[in-house]
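Taken together, the values in this text are just the output of simple stated rules run on the coordinates, not laboratory data. Computed from a predicted structure; not experimentally measured. Here the Cβ positions follow ideal geometry from the backbone for every residue, glycine too, while neighbour counts run over all protein chains shown.
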Amino acid sequence: MTTSRRPGAVVAPVPPPARPARVLVVLLLLLAVLTTVAPVVLTARTAAAAPQPGAATVELQTSTPTLARPGDTVELSVRVTNGTDRPLDGAVVDLGVSWRPLTSRAELAAWADDGGTRTAVRQLPSEPVDRLAPGESAQVSLELDVDALGFEAESPWGPREMSVALVQGGRPLDVVHTFLLYAPEGGAPSPVAVSVAAPVTGPAVDPLDADGYDAQLAELTTSGGRLERLLDAATVSGSSPGMSLAVDPALVAAAESSDDADVQAWATRLTGRTPPAPDDTGDDGDDGGATDATNAAASTGAAGDAADVAVLPGYDPDLAAVAHTRPTRADVAAATGGEAALGSSWQRPQGWSLSLAWPHGRPDAATLATGRDAPVDQVVVASGLAPTSDVPASARTAVDTPSGKVSALVADAGLSAALASLTDDADAPTAAEGAQRLLADTALLALQAQEAGTGDLHVLAALPRDWSPDAALVGQVLAALQGATWADVVPLSDTVAAPASRVARHGLPRNDVADAELAPLSVDRLLGTHRSVSAFATVADDPVELSGDVDQALVAPLAVAARKDPVARDQAVDLAVERADDLQQGIGVADRSDVTLVSDTGKLPVKVTNELPVDATVTVVLRPNVSRLVVESRPTVVVPAGTSMNVHVPVRAIGSGDVDLQVEVLAPSGAVVAGPTSFSVRVRAGWETAGTAVVAAAIALLFIGGIWRTVRRGRSSARTTDEGVADAVDPQGPDAGPQDGTAAATPAATRTTEHDTEKDPS
């Protein structure tokens, strides 16, 4: 065999193959080494990855003044805590400030959200920290001479990066990223109006566990509960001008009617009206009118502590789930009509005039289009539709959708995130840290608005549905924001009234379906059932009184909160449809036997039953299968609650023969509420006329025959007068019949019909 090789290449000798025994020895040695070393390596890695029992932290407590000017001294107070199990000794607090102003909100957010140990560029003198035992804390004061920063006279107005670092042995243990707001000589930009809105929604209604819903509502509204915290944050001193609430009316109605005094007290704080006493039902005589008047007065009373309140659609429906079924406008109205389904048992307090739709998360274009068809004033877009440039945009804007323009309130992502962090969680910022971030962010907004010449900027911070705020923290932060010359905290209604922004925004996805949404088939099932129930309920003078409970049951599974428990949601769908079917069985038609009609006209009785708790207005319709019987009209009657009634339907025969009649009972809406059922009619048109003629002819013949007999007998000369003849005695007695052997005929007009023969009484 010839082996080719590259010229100049060196060919290494090929070693002989290893012997099997030698290979086995090498493998055994390698296995022994791995068995000895591997546990050591794994133990070392595990120890390195094990979390520390605690950490040393630093927090910013105060920073004054808020706006630093040349010649000022900024005083900072920080709190150092030793959360480790070892003493903290030899630590210092470093203060750092960047000379460069922040010009982008993206840069500002990156610095604020940086959880690392990066510090500001320029470091100032440090302050030592006294020795801290495990679990101990200490306050450290820092002073910043603004002139020492070396800012020039023409240095721009605005925020700078500032860091407060806890350092030990040259290694930062914890760093707070905050901001220094610098103002050279001269005025600040025009203020930015900031509104803060939080949805007030509760758990999903579980029809199989009513007690569980009541228990959750009690937990949420008691001291420390999420709903109680929301109300506290909206009413705490200093935050009420801008902390607006968007409430679910079904939640408020449930709280007002609760047997729990604490839950009722929460509702009273929110609405400003006292629920009626449990025994004040108005069922007895004049007391009912007095109670109705009292409730009507209370329903229009002043709102409670939370003065700026908007109203969501009842049961807080998931607009995305509705949108992704391609609903009609009527379907959208049904899905968002939960407030109307509450009926007269609940009315909005005076001042709750603004209505909002609030889709979950970032809506797609289809969802926003659905909001356009909902009976609301504005659609809140909590995420998405950010401006395409650094030019700030007011919250209110018109958004193009497949169904046309929608008036929307677009939340500011940065402000929303900053306020959403104001909770009682361990990682929540302090009041000073939260305030400095919002002050820096709004300052940058004000600067950008001034540079763009937009002016009159109204922005919105929208909080998530599960937000559980620290009310005191929210109050301090919003009070600091209100005190700034470049920001005003305003009610949501002010932002709604502001001019719409025309700034270009990024678009929304056309169709983005979330896994947690209710399946389209289930949504269609609920909405289709709602349509049929609405049509059926028109039999009542007050349709809501009849179908309100069922309407609520059909809307409740659409709630955003129902996303958390899909199994319970599916059960709620089934139960709601069953309840709707049961309601629609309340009107019926009794079966009847066949009928014979022997006259040209008549009235056929149809027995209608009403098992509903209200009087029912219905129309009875007969539909013959052939034209020999004509139905003259469709009578409309009111069948009292819990009774049955025969409804007489006028008909006219134009020929003889058998006719099958289909019976339907219609609601005023035109919907079929009973039937169709059927029965047969044997039409014998003309029988009555023929029978009458025969009887009349017989009577005439008998009459003529009697006259003929009388004439024929005549007056004989053998007869005597009464004076010449003695009283004759009838040998057969006075009751004897005619002696000529004939029977006296008594004419009678008779009519013979078959079983259940019907004739016009006239």
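What is the packing order of peptides 374-387, 493-506, taking the mean over residues of other C-beta atoms within 10 Å and listing the highest first?
Taking the mean over residues of other Cβ atoms within 10 Å, the ranking is 374-387, 493-506.
In sequence order, what are the phi-derived ³J(HN,Hα) couplings for the stretch 502-513 according to the Karplus relation 6.51 cos²θ - 1.76 cosθ + 1.60 with θ = phi - 60°, rounded to whole Hz, with x for glycine and proline?
Result, ordered by residue: 10, 5, 5, 10, 5, x, 9, x, 5, 8, 10, 8 Hz.
Which order do the peptides 86-97, 584-595, 196-207 take when ranked by the mean count of other beta-carbon atoms within 10 Å per residue, highest first?
The peptides rank, most packed first, as 196-207, 86-97, 584-595.
What is the spin-label model distance, in nm, from residue 209 to residue 428 if the labels are put 7 Å beyond Cα along the C-beta direction?
If labels sit at residue 209 and residue 428, their model points lie 2.7 nm apart.
Working out 0.36 nm times the residue gap between residue 114 and residue 628, then minus their Cα-Cα distance, what length gain in nm do you get to one decimal?
Extending this stretch completely gives an extra 176.2 nm.
Rounded to the nearest 0.05, what FRET efficiency do residue 126 and residue 506 have when you use their Cβ-Cβ distance and R0 = 41 Å?
After rounding, the FRET efficiency stands at 0.40.
Using a cut-off of 15 Å between beta-carbons, work out the net charge of the residues near residue 331 (Lys and Arg +1, Asp and Glu -1, residue 331 not included).
So the environment of residue 331 carries a net charge of +1.
First select every other residue whose beta carbon is under 15 angstrom from the beta carbon of residue 662; then total the charges, Lys and Arg +1, Asp and Glu -1.
Net charge in that neighbourhood comes out at -2.
Identify the residues of the stretch 647-662 with backbone N under 17 Å of a label point that sits 7 angstrom from the Cα of residue 594 along the Cα-to-Cβ direction, or state none.
Within reach of a label on residue 594: 656-662.
Based only on other Cβ atoms within 10 Å, what is the fewest-to-most ordering of 243, 645?
Going from least to most buried by this count: 645, 243.
If the viscosity is 0.890 mPa s and the temperature 25 °C, what Stokes-Einstein diffusion coefficient in µm²/s follows for the stretch 587-683 when Rh is the Kirkwood radius over Cα pairs?
181
With +1 assigned to the C-beta of every Lys and Arg and -1 to the C-beta of every Asp and Glu, and no other charges, what is the dipole magnitude of the stretch 581-634 about the Cα centre in debye, to the nearest 20?
320
If one computes P(r) from the Cα atoms of the stretch 56-187, what percent of pairs lie at distances over 20 Å?
Beyond 20 Å sits 45 percent of the P(r) for the stretch 56-187.
Computed FRET efficiency, Cβ-Cβ of residue 542 and residue 390, R0 60 Å: what is it to the nearest 0.05?
According to the calculation, E is roughly 0.60.
Which value, in debye to the nearest 20, describes the size of the charge dipole of the stretch 587-683 about its Cα centre when Lys and Arg Cβ atoms bear +1, Asp and Glu Cβ atoms bear -1, and nothing else is charged?
The dipole of the stretch 587-683 has a size of about 200 debye.
Using the charge dipole of the stretch 168-253 (Lys, Arg: +1 at Cβ; Asp, Glu: -1 at Cβ; taken about the Cα centre), state which of 223, 202, 187 has its Cα farthest towards the positive end.
187
Among 213, 315, which comes first, second and so on when ranked by fewest other beta-carbon atoms within 10 Å?
The fewest-first ordering by Cβ neighbours comes to 213, 315.
Have a look at 571, 548, 629 and report the one farthest towards the positive end of the charge dipole of the stretch 533-638, computed about the Cα centre with Cβ charges (Lys/Arg +1, Asp/Glu -1).
Going by the Cα projections, it comes out as 629.
Using the Karplus curve 6.51 cos²θ - 1.76 cosθ + 1.60 with θ = phi - 60°, what ³J(HN,Hα) values do you get for each residue of the stretch 150-161, in whole Hz, with x for Gly and Pro?
x, 5, 7, 4, 8, 4, x, 6, x, x, 10, 5
Treating only the Cβ of Lys, Arg, Asp and Glu as charged (+1, +1, -1, -1), what charge dipole size does the stretch 520-583 show about its Cα centre? Round to the nearest 20 debye.
Its charge dipole is roughly 400 debye.
Kindly put 364, 488, 400 in sequence by how many other C-beta atoms sit within 10 Å of each C-beta, fewest to most.
By the 10 Å Cβ count, ascending: 400, 488, 364.
Read phi for every residue in the stretch 187-192 and hand back ³J(HN,Hα) as whole Hz from Karplus 6.51 cos²θ - 1.76 cosθ + 1.60, θ = phi - 60°, with x for Gly and Pro.
x, 7, x, 4, x, 9
Using mean Cβ contacts within 10 Å as the protection proxy, how do 128-137, 177-186, 468-477 order, highest first?
Ranking, from highest mean packing down: 468-477, 177-186, 128-137.
Summing +1 for each Lys or Arg and -1 for each Asp or Glu, what net charge is found among the other residues whose Cβ lies under 12 Å from the Cβ of residue 151?
-2
How much length would be gained if the chain were fully extended between residue 680 and residue 330, taking 0.36 nm per residue of separation minus their Cα-Cα distance, in nm to one decimal?
Extra length available between residue 680 and residue 330 comes to 122.0 nm.
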